[in-house]
Amino acid sequence: MEWDNASHSQESAMSLTPSSLDSPAPPIWQSPNMTDQEIVYDIFSYILEMLEPNGADASYCYERATMVPPITAESLAELDMHRIINNPKLRHDVNFDRDLHFRPNLDGSKGRQKVKSAEQYWQALEGELFMLGFGAQMKMAAADAKVVAYWERVLKHSQRRLRSMFEAIRDILKTLVPDYEQKTIIERLDVDLIMQEISNGVCDLLSLSTWLTKVLKAHCAPMRDDMVDEMQKDIEVGALEVRHEKLVSGLRQLLSILEAMKLDVANHQIRHMRPLLVDDTINFQRHYNAHRIATGKIDVCKARKWFDAELEQLTTPSHQATHLEALTSALLKDVLFNESNPIPPTFYLDSDRLKCIRLDVRSTVCYSLCRKLLAELAPTRVSSSELLRAQGALHASISAIVGISGRFTERIENIAVEIVRILLILEGRYPPLDTSLLGLVEQKLAVALNPASEAFDQIARDTCDRLLPKVTMSVEEHIRLSALDLQNALVTSAANQLPPPPIGFGAVLAPPEPARNYDPDDDIVRRLTHVICLHWKVWAELVYLAPLRAESEMLDAESPMSPGSSGSLSPTMPIAQAVYAPGKKWLPVGVTVMEVSTGIPTPTSSPETKPEQPCPDSPSQSDAQQEHESLDAQQQQKHPT
């Protein structure tokens, strides 16, 4: 069957004519001087008054919604293999997450805006499909040449989004099939031909959906087959019954399927490339960050001053602090006490990770303050064991109250109610209600949970004193491990935390596992250890162990980018390679580093002879983004996909 084709019954074809749809007053077709804007206004009016039941919404969205589909080849470009293996952030993050994977990002305000924009786009597309079908019918029914010319203009101006939709489908599909199928995709999804057929009312959408179904099922995971069948069903119903909302639903599902296929391929590649990417972390990041230092994208002087200040503070006449001790101490103190100031620029890839650690450490401090307040207000006759149980119950209740966000100050009233409830239970009073005590607890909590308070500062310092030797010892134990061994030792797998599956049908009484001492600080110690060890391996010789230069020399030094700069070698941008093979699979043959000359002097590898770079200004976000786009452009030129 064809879309609004002559093969439809006469009754079905006539169902879209103006006489059967309470058409608005006919425009002045005879006027040859109608402007393009007047034609567009007519289109808005047709959609508003003739499309049921969502004409008003469809007309509004048709006028204002974005012209680009929510999913395009450009929006999915970061899932391409060459982008994955040359993404510094991803290559760093994969060290800390065994199950790192891509997913649609619909979180936060930007995510909500994406969803809203997508909904408006699909409503606009429904209005466009209506106009294309309606306009084709009216054009075929017209007998006057002026009327035919009018509807031809209407059809031309109605095509606002459908062309880019088919282009997006074609371009994404080309990235999902082997080279030998590229020609077939291009020929079958000839967008100019499809749009011409739609304008003339002879586009065979059923044949197109059947072909797309075969192609998708041949290349997608079996778990996606149901989605493909549903997509085909909606397109068939929309074409046969002239239901534009069903056509939109089918096209929407088609783009969702293509996005899911791209995600499946990208996540499959990450799983297979993960050991190679992790193993090459140190090598890749040393090259990458040497390039950024030489181009003035990282303020190494700020990081060096931060490090040297802590080293000097820790060193006493009786104790010479090591560099690792200084790095560990400085980072832990920043996490606990320096929330207002940004972390050193050398930690730019760990910024989000350190924020999460800071939140968890702060939560530990707040839990301690709440337990301390409960103990302070508890009756003196309560035994230590009862108090411990009460504090454990309070901890569990507070965890449910604040959730993973850890916003204690925003939940003071709720926490206070729980503390009062437990206090009155300890006193044997039921029902537990005491408004005067509740006001006292709220007041004490508000003071204690304020980071500027003396109580908070004291608990934070106690926490730092407790964590620092643990983290220092853990770093010393793990610093000699490779990046892959660090991941195996410090990153827990979710599968390891699950009990083994039952074997057989019966049940046996298993002996209890030997008791193990659980340290609640272990998780924070492990995460900080991983960050510090990787950081030291990458940045030690680049920044922290580099020889110092006098400040006057640094001020007089020429910029690395200046014509007068001299140097024998040039820092290179690491470019990773992978090989595409027939059969829809990327073969991770290894991660190689290619030397791409940049014409920028490179410091020698020896700390004794390596001159320190002048202090550059801190890089802006746009600079980093431009550099990353430049890196991608180099890769595309050398290894087109």
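Go through (1) buried (at least 16 other Cβ atoms within 10 Å of the Cβ); (2) of a type in the set (Asp, Glu); (3) free of Cβ contacts under 8 Å to residues at least 24 places away in the same chain and name the single condition Glu236 misses.
Checking Glu236 against (1) buried (at least 16 other Cβ atoms within 10 Å of the Cβ); (2) of a type in the set (Asp, Glu); (3) free of Cβ contacts under 8 Å to residues at least 24 places away in the same chain, the one that fails is (3).
Considering only region 329-351, state which residues are surrounded by 14 or more Cβ atoms within 10 Å (Cβ to Cβ), more than 23 Å from Asp462 (Cα to Cα) and among the polar types (S, T, N, Q).
Hit for region 329-351 is Thr346, nothing else.
Each row is one residue, and each column tells you yes or no for (1) over 35 Å from the mean Cα position of the chain (by Cα); (2) assigned to a helix (DSSP H, G or I); (3) farther than 16 Å from Leu258 by Cβ; (4) not assigned by TED's automatic domain parsing to the domain that holds Lys262.
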residue: Tyr180; (1), (2), (3), (4): no, yes, yes, no
residue: Lys183; (1), (2), (3), (4): no, yes, yes, no
residue: Cys203; (1), (2), (3), (4): yes, no, yes, no
residue: Thr210; (1), (2), (3), (4): no, yes, yes, no
residue: Leu216; (1), (2), (3), (4): no, yes, no, no
residue: Asp226; (1), (2), (3), (4): no, yes, no, no
residue: Met231; (1), (2), (3), (4): no, yes, no, no
residue: Ala239; (1), (2), (3), (4): yes, yes, yes, no
residue: Val242; (1), (2), (3), (4): yes, no, yes, no
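Any residue in region 146-160 that is in the same structural domain as Thr35 (by TED's automatic domain parsing) and not in a helix (DSSP H, G or I)?
Yes, because at least one residue in region 146-160 is in the same structural domain as Thr35 (by TED's automatic domain parsing) and not in a helix (DSSP H, G or I).
Can you find a residue that is at pLDDT 95 or above, under 27 Å from Pro104 (Cβ atoms), among the basic types (Lys, Arg) and surrounded by fewer than 16 Cβ atoms within 10 Å (Cβ to Cβ) anywhere in region 202-216?
yes
Quick check, is Leu189 under 21 Å from Val68 (Cα atoms) and assigned by TED's automatic domain parsing to the domain that holds Pro69?
Taking the combined requirement at face value, the residue satisfies it.
Within region 365-395, track down each residue that is surrounded by 19 or more Cβ atoms within 10 Å (Cβ to Cβ) and among the β-branched types (Val, Ile, Thr).
Val365, the sole residue that qualifies.
Could we say that Thr435 is β-branched (Val, Ile, Thr), under 24 Å from Asp334 (Cα atoms) and either out of contact with any helix residue (DSSP H, G or I) (no Cβ under 6 Å at 6 or more places or on another chain) or not assigned by TED's automatic domain parsing to the domain that holds Asp334 (or both) here?
So Thr435 fails the test.
Could you list all residues from region 370-421 that are on the phi > 0 side of the Ramachandran plot and in contact with an Asp or Glu (Cβ under 8 Å, 6 or more places away or on another chain)?
Gly406
Looking at region 283-302, is at least one residue free of Cβ contacts under 8 Å to residues at least 12 places away in the same chain and either within 30 Å of Pro70 (Cα to Cα) or over 26 Å from the mean Cα position of the chain (by Cα) (or both)?
Checked against the condition, which is being free of Cβ contacts under 8 Å to residues at least 12 places away in the same chain and either within 30 Å of Pro70 (Cα to Cα) or over 26 Å from the mean Cα position of the chain (by Cα) (or both), region 283-302 yields no hits at all.
In region 522-544, how many residues are acidic (Asp, Glu) and under 26 Å from the mean Cα position of the chain (by Cα)?
Number of matching residues: 1.
State the number of residues belonging to region 89-117 that are more than 19 Å from Leu263 (Cα to Cα) and part of a helix (DSSP H, G or I).
Number satisfying all stated conditions: 8.
Could you identify the single residue in Arg286, Arg292, Arg304 that is closer than 22 Å to Asn488 by Cβ and either of a type in the set (A, V, I, L, M, F, W, C) or assigned to a helix (DSSP H, G or I) (or both)?
Arg286
Of the numbered conditions (1) of a type in the set (S, T, N, Q); (2) surrounded by 12 or more Cβ atoms within 10 Å (Cβ to Cβ); (3) more than 30 Å from Arg243 (Cα to Cα), Asn105 satisfies every one except a single condition; which is it?
Single failed check for Asn105: (2).
From Ala326, Ala309, which residue is modelled with pLDDT of 90 or more, surrounded by 20 or more Cβ atoms within 10 Å (Cβ to Cβ) and in the same structural domain as Pro547 (by TED's automatic domain parsing)?
None of the other options fit; the residue is Ala326.
Taking the residues in region 445-460 that are in a helix (DSSP H, G or I) and touching a residue at least 60 places away in the same chain (Cβ under 8 Å) as candidates, determine which candidate is nearest to Leu377 (Cα to Cα).
Filtering region 445-460 for residues that are in a helix (DSSP H, G or I) and touching a residue at least 60 places away in the same chain (Cβ under 8 Å), the one nearest to Leu377 (Cα to Cα) comes out as Leu445.
Yes or no: region 97-105 includes at least one residue that is of a type outside the set (Ser, Thr, Tyr) and either farther than 27 Å from Ser405 by Cα or without any contact (Cβ under 8 Å) to a residue 60 or more places away in the chain (or both).
yes
Scan Ile425, Ile415 and give me the residue that is of a type in the set (Val, Ile, Thr) and more than 19 Å from Val382 (Cα to Cα).
Within the list Ile425, Ile415, the selection yields Ile415.
Among the residues of region 307-321, is there at least one that is more than 20 Å from Thr472 (Cβ to Cβ), in a helix (DSSP H, G or I), in contact (Cβ under 8 Å) with a residue 60 or more places away in the chain and touching a helix residue (DSSP H, G or I) at 6+ places or on another chain (Cβ under 9 Å)?
no
Whether any residue in region 387-396 is within 23 Å of Arg526 (Cβ to Cβ), in a helix (DSSP H, G or I) and touching a residue at least 12 places away in the same chain (Cβ under 8 Å) is what I want to check.
Taking every residue of region 387-396 in turn, at least one turns out to be within 23 Å of Arg526 (Cβ to Cβ), in a helix (DSSP H, G or I) and touching a residue at least 12 places away in the same chain (Cβ under 8 Å).
The values are calculated or read from the model by the stated rules, or taken from the named source; none is laboratory data. Computed from a predicted model, the values in this text were never measured in an experiment. A quick note on method: Cβ atoms are made from the backbone with ideal geometry, for glycine too, and the neighbour counts reach across all protein chains shown.
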